[in-house]
4 protein chains.
Amino acid sequence: MIVILKPQAPEQKVQQLIRDFEAQDLKIHFSQGESSTILGLVGDVAHVDMEQVLANEVVADVRRISEPYKAANRRFHPQDTVVEVCGRKIGAGYFAVIAGPCSVESQPQMETVAASVKASGAAFLRGGAFKPRTSPYSFQGLEAEGLHLLSAAKKATGLPIVTEIMSEDQLDDFTDVDIIQVGARNMQNFRLLKALGHCDKPVLLKRGLANTIEELLMSAEYILAGGNERVILCERGIRTFETCIRNNLDISAVPVLKRQTHLPVIIDPSHAAGNTWMIEPLSRAAIAAGADGLMIEVHNNPKEALCDGAQSLDMQQFADLMQDLKRRVAFEGRELQG
Amino acid sequence: MIVILKPQAPEQKVQQLIRDFEAQDLKIHFSQGESSTILGLVGDVAHVDMEQVLANEVVADVRRISEPYKAANRRFHPQDTVVEVCGRKIGAGYFAVIAGPCSVESQPQMETVAASVKASGAAFLRGGAFKPRTSPYSFQGLEAEGLHLLSAAKKATGLPIVTEIMSEDQLDDFTDVDIIQVGARNMQNFRLLKALGHCDKPVLLKRGLANTIEELLMSAEYILAGGNERVILCERGIRTFETCIRNNLDISAVPVLKRQTHLPVIIDPSHAAGNTWMIEPLSRAAIAAGADGLMIEVHNNPKEALCDGAQSLDMQQFADLMQDLKRRVAFEGRELQG
Amino acid sequence: MIVILKPQAPEQKVQQLIRDFEAQDLKIHFSQGESSTILGLVGDVAHVDMEQVLANEVVADVRRISEPYKAANRRFHPQDTVVEVCGRKIGAGYFAVIAGPCSVESQPQMETVAASVKASGAAFLRGGAFKPRTSPYSFQGLEAEGLHLLSAAKKATGLPIVTEIMSEDQLDDFTDVDIIQVGARNMQNFRLLKALGHCDKPVLLKRGLANTIEELLMSAEYILAGGNERVILCERGIRTFETCIRNNLDISAVPVLKRQTHLPVIIDPSHAAGNTWMIEPLSRAAIAAGADGLMIEVHNNPKEALCDGAQSLDMQQFADLMQDLKRRVAFEGRELQG
Amino acid sequence: MIVILKPQAPEQKVQQLIRDFEAQDLKIHFSQGESSTILGLVGDVAHVDMEQVLANEVVADVRRISEPYKAANRRFHPQDTVVEVCGRKIGAGYFAVIAGPCSVESQPQMETVAASVKASGAAFLRGGAFKPRTSPYSFQGLEAEGLHLLSAAKKATGLPIVTEIMSEDQLDDFTDVDIIQVGARNMQNFRLLKALGHCDKPVLLKRGLANTIEELLMSAEYILAGGNERVILCERGIRTFETCIRNNLDISAVPVLKRQTHLPVIIDPSHAAGNTWMIEPLSRAAIAAGADGLMIEVHNNPKEALCDGAQSLDMQQFADLMQDLKRRVAFEGRELQG
């Protein structure tokens, strides 16, 4: 950590600041320049509060040199993490596709879609029971009944299930869920993240609409710090100035995350696109960029979907897409799960 | 609502779509253009799911003409809402300042700050008991003990208290809190919003870092739709490409919100700035632009603050600021509460 | 075009507005709703000034239904445009790589790099003679001498050359240039675009840092409207809130542009990344997403480069990258030029 | 400047890097940490090319400590610059309003508007002769005839004139112009900036839609470095994710610029708002935040305006606005020019 002092900072106060740092077991490198003086802090700076240092009257600026996350940091954990769920692997060359409807709507819907996406090559079934909707007047999900229908579809097809949690008090109802999803709007719901750190299920953590990659990794750190090491990161498009598409898929997040962390990284092209016709090119790009999986919305009848119909593939479209993606996963030398 | 059809859409499918709309009690205006055909939907379109319409194969695009929020909409509620709490009013010419430390740290701290900000002219005392921190290694707040210290400071000074809630399961512990704050990261925590819709306390709803004004109003709508009419909106800076400041205070949010909704609007210059020296000019701008109040971080010893020290005024700085702001509130013909 | 009228707009003024539209040869569809009245304008609305309509006192809002660009619009020009330069083709399945240093620095540099990138499979040589630099104190390019060195390298290797123009008064000096590049900062330098519309050379038009896809196509429209039909679009990363990388490559721009326009689309991974290690994954993603080419910075000695050294591949890195990219272009069924 | 070395960087290459810096007359402070080693460069680092340092294989990151601009930097020029034009002053307590139509349209229009805005209290007349329009099909300005009409209006009213330049080759035609405006889209047209650095007229430099404050100051630096010290900066709204308004006025740019530079700062509320009803609250906020002036679009008949009608005040609206603004400028203890 680098602390830049104000010009003409009183010597006495600078010495006090240095003593304060030394009291935290940090070594100080003092660098006196012409227009500014710099302190280099050496030691375990992860617990130094940058805001507090900035509040000191002699400090002009503070910059972090090392990343503020540890458990998620590839520097301290060079091997890729492989998350294994019900015999399916994600990460380190294992590639998995999660597919299913935006929201669980009925038993026939779930049975039909689950059987179809399994046949097409999906490794996991997704479906929302609790839906975070911008409008209080939109369909909010079947809730407990939705979880029940997911379990039934899992029993019928053998596909492990992925569904979104909204609050830590729902955890008891998620015992039959195989991967718990944290949605983009809850990426910094820290009480939820802490609770997930103490549960024994893999967590699929989606990046918030306007959250930095560092913030995503800090949210992963909440879960890892609690003892739960099975975290899958998911990029799903970010919010920018562009208005002609719903979100901008941040494809560079794949190589950046792969460099910064050992955790698996998947892409959700459906939410990034907000339409069906962009899912194929974005999925291709995701595989080529090095993603460990995809999460794709599939519905038996998109135009009657209670949620996200505009971005849901129908079952045939998904089957066709999977044909193409299988070739691509093989081309990259990865192993498709399912 | 306007539905733009694809060129060469099959007549039969268009007729089916029209019948579907009519079955929802909507009247259809049909406008046949050269390069596109447009359907104008007339009636109560608030419950029409745009995504579902978009998913229809003959539909090229859908545009909303009217706002998707009703209870928050000034069109249906022209008079300004005045939120009254413990005899203090906010809105419609009543201006209130909320002040206090980022986080509750100790009894002497709260007593000292509360007495000081009251003497300087604050109408409410703020302080965080539960702190949403980006890092799991940062101070997370005193929690229950923090709420207790807030209550003690309220008893000692008579200042009503404002503090942040993190999850709906904390509501039972907030009985002595006068205004419940929803932080920027929880603006779309819909379960929390629903729970607050059914409580009898005013809610201070902060705009998310990258949420649109429409999304802010939709989140307010969640609370209003539950029956709680006492919602105060708070702009606290948005996330943009600019890196030399922490957030960009969206000053235009004040006139836009004043036009779109009847709810009071306050500004948090402390979080927007991320430093102390910008609080004064941003506060001045907020008053001039028409805000109904300010929320400002004040600490008895900013450089020892456990949270947000860099943006906390000390007590003397706040006293000086209030001297200037009083003149300005009077200049605008508003009535300072306190 | 849809015109939404204000509620309670005086009948007389609405009738006047309708007559004004009819005087522009537009047919009006009138749609009277409960809370708003809508006019649908039918006819050639490309010349209707939305701002002027918005300024009318009875108008609440105006929305365009059709795109404001014509010559660039795939709707009116369904076949892919193939830009052919010195026997190399770009577009419609023909894939080309443009490579070379950020700035032209010396004769040995250009000779070395040109020979090397040609051997590796590049179809075009790039190099900047006039450099747009943020700082007036940075190296600004060799200018006329730079153009001369480019010509020499072209003569030596046979590689056609691509270089950036800064102002329309430089056009006379660009006679030996094969593709004229318009940089991101000049994307809306409309005088330059008009001048390029009247020249007989292909133009490589880069998207501005924070320009929408529609604005990019409107800038292309300036060139096309002048009679120059050889425009190549280039996505090179956009500016967002993310700070850990220099720009966010907008991979979705590829499918969106492919759908909206017939013009070829290439990707510049070097400027998007701002570093060397991301060039490979971004190039892979670009090919998979459907791009028609790549523009990559290559330098004989990146750490001595006068410009953009941090993002320049050395010649061996580029040779290795091309080996991989050739397999990928073939996998996609495209034909590599060079 | 701080250079962060890669862990395990070979000692020999680090020593070479240090010798390279020393050869540039820089002193090096070496700070060996546990996980990283840092070099602090002391001396005149304005000419050190960060990109080149970053390209060195032993370097992990480079951070600037001091600002890259000098002539524009308040640190080296603590007194406020006052730009004086035809007896009107801007800066250091002198407040000026620039008003007039978006584009010059006709002699009667210019005469009418000029006389009216002068009577209302404007100090300068604005009007565009060359218009940068997104669409090639929009009105592009009267060009030479527009400059002529501006001169006539100046002669008739005595108001100095402000108009936008598009290219350095127009400079000869701008002899009668009093302040030359550089539009947002040309903020990084470096050839134009260089040419303006060598002219003897004040320059009004508008911030680009998505340019940082540092970039704005670097563009000012181009002009100052050429010897022209009369630069006025103008904030006119930035591009963000928000769609309900055209641009977000960055009010914090006022205090930030006032702190970083000695140059005067004005606000253009018309372009920020994109409508008329937000001009008043944004103007109020600008004055309160410390701006040195305003630039406001006024038209004799906004609904017939050839450009930007939706955001143009009519002459009576402007007269009313000025009545309010005069009180506010006086309240702030500033001196209105005119």
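The values are calculated or read from the model by the stated rules, or taken from the named source; none is laboratory data. What you are looking at is a predicted structure, and each value in this text was computed from that prediction instead of being measured. Using ideal geometry, Cβ is built from the backbone for each residue, glycine included, and neighbour counts are taken over all protein chains shown. For the accessible areas, the whole protein counts, side chains as well, though only heavy atoms, and no ligand, DNA or RNA atoms are used. Shrake-Rupley method; radii C 1.70, N 1.55, O 1.52, S 1.80 Å.
If you run the Gaussian network model on chain C, springs between alpha carbon atoms under 10 Å, then out of C:220, C:71, C:60 the most flexible one is C:60. What figure, in Å² to the nearest 10, do you get for the accessible area of residue D:77 with a 1.4 Å probe and non-protein molecules left out? Spelled out: residue D:77, probe radius 1.4 Å, area about 70 Å². Of all beta bridges that DSSP places with both ends in the stretch A:49-186, some 30 percent have antiparallel geometry. Annotation: aspartates and glutamates with alpha-carbon distance below 18 angstrom to residue C:70 (same-chain offsets under eight excluded): B:34, C:44, C:49, C:80, C:214, C:215, C:221, C:229. Note on the protein assembly as shown: with neighbouring protein chains present and a 1.4 Å probe, carbon and sulfur make up 46 percent of its accessible heavy-atom surface. Around the amide H of residue B:95, modelled in the peptide plane, lie the amide H atoms of B:335, B:336, B:337, all under 5 Å away and 5 or more residues distant in sequence or on another chain. Rounded to 0.05, the FRET efficiency of the residue B:169 and residue A:61 pair, given R0 = 45 Å and the Cβ-Cβ distance, is 0.65. Reported value for chain C: 158 Å³ per residue, from the convex hull of its C-alpha atoms. Label positions at residue D:32 and residue B:304, each projected 7 Å from the Cα along the C-beta direction, are separated by 3.7 nm. The heavy atoms of residue D:277 offer some 90 square angstrom of accessible surface to a 1.4 angstrom probe. The contact residues of the stretch B:148-191, meaning those that lose at least 50 Å² of 1.4 Å-probe accessible area when all protein chains sit together rather than their chain alone, are B:185, B:188, B:190, B:191.
Taking the DSSP beta bridges with both ends in chain B, the antiparallel portion is around 40 percent. Each Lys and Arg Cβ is given +1 and each Asp and Glu Cβ -1; about its Cα centre, the stretch A:196-338 then shows a dipole of about 180 debye.
Computed per residue of chain A from DSSP H runs no shorter than four, each worth -39500 (n - 2.57), the mean residue ellipticity at 222 nm is -9500 deg cm²/dmol.
For a straight C-alpha distance cut-off of 13 angstrom, the aspartates and glutamates reachable from residue C:13 (same-chain residues fewer than eight places away being disregarded) are C:57. Taking the Cα atoms of the stretch C:148-266, the ratio Rg/Rh between the radius of gyration and the Kirkwood radius comes to 0.99.
Along its principal axes, the stretch B:211-338 has C-alpha extents of 42, 36, 26 angstrom, given from the largest down. One way to sum up the overall shape of the protein assembly as shown is the equivalent ellipsoid from its Cα gyration tensor, whose semi-axes run 41, 40, 38 Å, largest first. Which links in A:258/B:194; C:201/D:131; A:131/B:206; A:118/A:201 stretch past 29 Å when you go from one Cα to the other? Too far apart for the 29 Å limit: A:258/B:194.
Summed over both chains, the area buried between A and D is near 1800 Å², taken from the accessible surface of protein heavy atoms with a 1.4 Å probe.
Per residue, the stretch B:216-322 exposes 22 Å² of solvent-accessible protein surface, assessed with a 1.4 angstrom probe and all protein chains in place. Enclosing the Cα atoms of the stretch D:290-338 in their convex hull gives a volume equal to 85 cubic angstrom per residue. Shown is the FRET efficiency for residue D:44 and residue C:143, computed with R0 = 22 Å from the Cβ-Cβ distance and rounded to the nearest 0.05: 0.30. Looking at the protein assembly as shown, what % of its DSSP beta bridges pair antiparallel, to the nearest 5? Just about 40 percent of them are antiparallel. The simple Förster model, with R0 at 45 Å and r as the Cβ-Cβ distance, assigns residue D:229 and residue D:22 a FRET efficiency of 0.80. The stretch B:82-151 gives an Rg/Rh value of 1.05, both radii derived from C-alpha positions and Rh following Kirkwood. Taking every protein chain into account, the accessible area of the stretch B:94-180 amounts to 31 square angstrom per residue (probe 1.4 Å). Applying the Kirkwood pairwise sum to the alpha-carbon positions of the stretch D:209-270 produces a hydrodynamic radius of 12.5 angstrom.
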